[in-house]
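First comes the structure, then the notes that go with it.
The values are calculated or read from the model by the stated rules, or taken from the named source; none is laboratory data. Keep in mind that what you see is a predicted model, and the values were worked out from it rather than measured. All accessible areas refer to the heavy atoms of the entire protein, side chains included, with ligands and DNA or RNA removed. Shrake-Rupley method; radii C 1.70, N 1.55, O 1.52, S 1.80 Å.
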Amino acid sequence: SARDGDLDIYDMDADGGNVQQLTDDPAYDWYPAWSPDGTRIAFASDRDGDWDIYVMDADGGNVQQLTDDPGLDGYPAWSPDGTRIAFASDRDGYRDIYVMDADGGNVQQLTDDPGWDLAPAWSPDGTLIAFEGSPLLDAAGVRDIYVMDAYGGNVQQLTDDPGWDGYPAWSPDGTR
(Lines give C-alpha, C1' and ligand atoms only; values in the text may rest on other atoms or scores of the structure.)
Protein backbone atom coordinates (compact mmCIF):
# COMPACT_ATOMS: atom_id res chain seq x y z
CA SER A 1 0.00 0.00 0.00
CA ALA A 2 1.03 3.61 -0.53
CA ARG A 3 -1.11 4.75 2.39
CA ASP A 4 1.93 6.31 4.11
CA GLY A 5 3.21 8.13 1.01
CA ASP A 6 5.42 5.44 -0.49
CA LEU A 7 4.93 1.76 -1.24
CA ASP A 8 5.30 -0.45 1.82
CA ILE A 9 4.22 -4.00 2.54
CA TYR A 10 1.35 -4.71 4.89
CA ASP A 11 -0.50 -7.81 5.96
CA MET A 12 -3.99 -8.29 7.31
CA ASP A 13 -6.39 -10.98 8.35
CA ALA A 14 -8.35 -12.64 5.54
CA ASP A 15 -11.45 -10.65 6.56
CA GLY A 16 -9.61 -7.31 6.13
CA GLY A 17 -9.02 -6.72 9.82
CA ASN A 18 -5.82 -6.35 11.83
CA VAL A 19 -3.80 -4.47 9.17
CA GLN A 20 -0.12 -4.35 10.08
CA GLN A 21 2.68 -2.49 8.32
CA LEU A 22 5.64 -4.82 7.74
CA THR A 23 8.10 -2.49 5.96
CA ASP A 24 8.76 1.17 6.66
CA ASP A 25 11.37 2.43 4.24
CA PRO A 26 11.29 5.64 2.16
CA ALA A 27 11.99 3.47 -0.90
CA TYR A 28 9.34 1.43 -2.65
CA ASP A 29 8.72 -2.09 -1.33
CA TRP A 30 6.36 -4.08 -3.52
CA TYR A 31 5.28 -7.42 -4.96
CA PRO A 32 5.35 -9.51 -1.76
CA ALA A 33 5.36 -13.31 -2.01
CA TRP A 34 4.81 -15.60 0.99
CA SER A 35 7.11 -18.58 1.43
CA PRO A 36 5.20 -21.88 1.30
CA ASP A 37 5.64 -22.42 5.05
CA GLY A 38 4.40 -18.89 5.84
CA THR A 39 7.50 -17.87 7.79
CA ARG A 40 9.09 -15.48 5.26
CA ILE A 41 8.08 -12.97 2.63
CA ALA A 42 10.14 -12.18 -0.47
CA PHE A 43 9.65 -8.76 -2.05
CA ALA A 44 11.19 -6.28 -4.47
CA SER A 45 12.57 -2.93 -3.31
CA ASP A 46 14.64 -0.05 -4.61
CA ARG A 47 16.01 0.74 -1.13
CA ASP A 48 19.62 0.30 -2.33
CA GLY A 49 19.18 2.59 -5.35
CA ASP A 50 18.04 -0.02 -7.84
CA TRP A 51 15.45 -2.81 -7.78
CA ASP A 52 16.54 -5.97 -5.97
CA ILE A 53 14.91 -8.94 -4.25
CA TYR A 54 14.78 -9.03 -0.45
CA VAL A 55 13.36 -11.46 2.08
CA MET A 56 12.05 -10.84 5.58
CA ASP A 57 10.42 -12.76 8.38
CA ALA A 58 6.62 -12.81 8.28
CA ASP A 59 6.49 -10.13 11.00
CA GLY A 60 8.68 -7.74 8.95
CA GLY A 61 11.90 -8.39 10.86
CA ASN A 62 15.24 -9.74 9.71
CA VAL A 63 15.26 -8.09 6.24
CA GLN A 64 17.97 -9.56 4.00
CA GLN A 65 18.96 -8.53 0.48
CA LEU A 66 19.12 -11.55 -1.87
CA THR A 67 20.10 -9.95 -5.20
CA ASP A 68 22.58 -7.14 -5.80
CA ASP A 69 22.61 -6.26 -9.47
CA PRO A 70 22.30 -2.87 -11.18
CA GLY A 71 19.45 -4.28 -13.28
CA LEU A 72 15.81 -4.34 -12.27
CA ASP A 73 15.04 -7.49 -10.23
CA GLY A 74 11.38 -8.04 -9.35
CA TYR A 75 8.37 -10.36 -9.25
CA PRO A 76 9.71 -12.94 -6.76
CA ALA A 77 7.92 -16.30 -6.64
CA TRP A 78 8.76 -19.14 -4.21
CA SER A 79 9.05 -22.71 -5.39
CA PRO A 80 6.47 -24.97 -3.70
CA ASP A 81 9.16 -26.58 -1.55
CA GLY A 82 10.53 -23.17 -0.47
CA THR A 83 14.09 -23.86 -1.64
CA ARG A 84 14.16 -21.59 -4.70
CA ILE A 85 12.84 -18.21 -5.81
CA ALA A 86 12.06 -17.36 -9.42
CA PHE A 87 12.18 -13.69 -10.42
CA ALA A 88 12.33 -11.38 -13.44
CA SER A 89 15.38 -9.26 -14.19
CA ASP A 90 16.74 -7.05 -16.95
CA ARG A 91 20.37 -7.67 -15.90
CA ASP A 92 21.16 -9.00 -19.40
CA GLY A 93 19.58 -5.99 -21.14
CA TYR A 94 16.16 -7.61 -21.54
CA ARG A 95 13.62 -8.79 -19.01
CA ASP A 96 14.13 -12.51 -18.49
CA ILE A 97 13.18 -15.11 -15.89
CA TYR A 98 15.85 -16.22 -13.42
CA VAL A 99 15.86 -18.59 -10.48
CA MET A 100 18.03 -18.63 -7.35
CA ASP A 101 18.32 -20.55 -4.14
CA ALA A 102 16.18 -19.15 -1.32
CA ASP A 103 19.32 -17.62 0.25
CA GLY A 104 20.15 -15.69 -2.95
CA GLY A 105 22.87 -18.05 -4.18
CA ASN A 106 23.15 -20.02 -7.40
CA VAL A 107 21.41 -17.51 -9.72
CA GLN A 108 20.52 -19.08 -13.08
CA GLN A 109 18.97 -17.47 -16.15
CA LEU A 110 16.00 -19.49 -17.49
CA THR A 111 14.78 -17.44 -20.47
CA ASP A 112 16.87 -15.59 -23.03
CA ASP A 113 15.02 -13.57 -25.64
CA PRO A 114 14.89 -9.90 -26.64
CA GLY A 115 11.42 -9.42 -25.20
CA TRP A 116 9.90 -9.00 -21.78
CA ASP A 117 9.46 -12.04 -19.52
CA LEU A 118 7.80 -11.21 -16.19
CA ALA A 119 5.69 -12.52 -13.33
CA PRO A 120 6.88 -16.13 -12.91
CA ALA A 121 4.49 -18.56 -11.20
CA TRP A 122 5.52 -22.06 -10.09
CA SER A 123 3.22 -25.01 -10.73
CA PRO A 124 2.03 -26.65 -7.50
CA ASP A 125 4.31 -29.66 -8.08
CA GLY A 126 7.33 -27.41 -8.78
CA THR A 127 8.08 -28.86 -12.22
CA LEU A 128 6.89 -25.92 -14.35
CA ILE A 129 7.02 -22.13 -14.30
CA ALA A 130 4.37 -20.06 -16.08
CA PHE A 131 5.21 -16.46 -16.96
CA GLU A 132 4.04 -13.42 -18.86
CA GLY A 133 6.14 -12.77 -21.94
CA SER A 134 6.57 -11.08 -25.24
CA PRO A 135 9.13 -12.36 -27.75
CA LEU A 136 9.95 -8.80 -28.82
CA LEU A 137 10.05 -5.49 -27.01
CA ASP A 138 6.57 -4.20 -27.58
CA ALA A 139 5.58 -0.68 -26.59
CA ALA A 140 1.92 -1.52 -27.28
CA GLY A 141 1.88 -3.94 -24.34
CA VAL A 142 1.17 -7.19 -26.17
CA ARG A 143 1.92 -10.04 -23.75
CA ASP A 144 1.06 -13.71 -23.69
CA ILE A 145 1.28 -16.54 -21.17
CA TYR A 146 4.08 -19.08 -21.54
CA VAL A 147 5.09 -22.13 -19.54
CA MET A 148 8.47 -23.86 -19.27
CA ASP A 149 10.20 -26.56 -17.30
CA ALA A 150 11.39 -25.32 -13.91
CA TYR A 151 14.96 -25.43 -15.24
CA GLY A 152 14.22 -23.30 -18.31
CA GLY A 153 13.71 -25.80 -21.09
CA ASN A 154 10.69 -26.64 -23.24
CA VAL A 155 9.15 -23.13 -23.44
CA GLN A 156 5.59 -23.27 -24.78
CA GLN A 157 3.30 -20.36 -25.62
CA LEU A 158 -0.18 -20.88 -24.12
CA THR A 159 -2.03 -17.76 -25.29
CA ASP A 160 -1.87 -15.87 -28.58
CA ASP A 161 -3.85 -12.67 -28.41
CA PRO A 162 -3.09 -9.08 -29.51
CA GLY A 163 -3.95 -7.85 -26.02
CA TRP A 164 -2.23 -8.29 -22.68
CA ASP A 165 -2.42 -11.72 -21.08
CA GLY A 166 -0.44 -11.50 -17.88
CA TYR A 167 0.20 -12.44 -14.25
CA PRO A 168 -0.40 -16.19 -14.53
CA ALA A 169 -1.62 -18.16 -11.51
CA TRP A 170 -1.98 -21.93 -11.19
CA SER A 171 -5.02 -23.78 -9.88
CA PRO A 172 -4.23 -25.74 -6.69
CA ASP A 173 -4.23 -29.07 -8.56
CA GLY A 174 -1.98 -27.72 -11.34
CA THR A 175 -4.39 -28.52 -14.19
CA ARG A 176 -5.35 -24.93 -15.01
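More than 28 angstrom separation, counting every C-alpha pair in the chain; what % is that?
Result: 23 percent of Cα pairs exceed 28 Å.
Under a 1.4 Å probe, what is the accessible area of the stretch 23-86 per residue, stated in Å²?
43
Quick check: the distance between the Cα centres of the stretch 37-78 and the stretch 100-176, to the nearest angstrom?
20
First compute the accessible area of the stretch 74-176 with a 1.4 Å probe, then give the percent of it belonging to carbon and sulfur atoms.
52
In whole angstrom, how long is each semi-axis of the equivalent ellipsoid of the stretch 1-57, when you take the square root of 5 times every eigenvalue of its Cα gyration tensor and sort them from largest down?
19, 15, 7
With no solvent and one equal point scatterer per Cα, compute the Debye intensity ratio I(q)/I(0) for the stretch 23-106 at 0.11, 0.18, 0.24 Å⁻¹ and report its log10, rounded to two decimals.
-0.25, -0.67, -1.19
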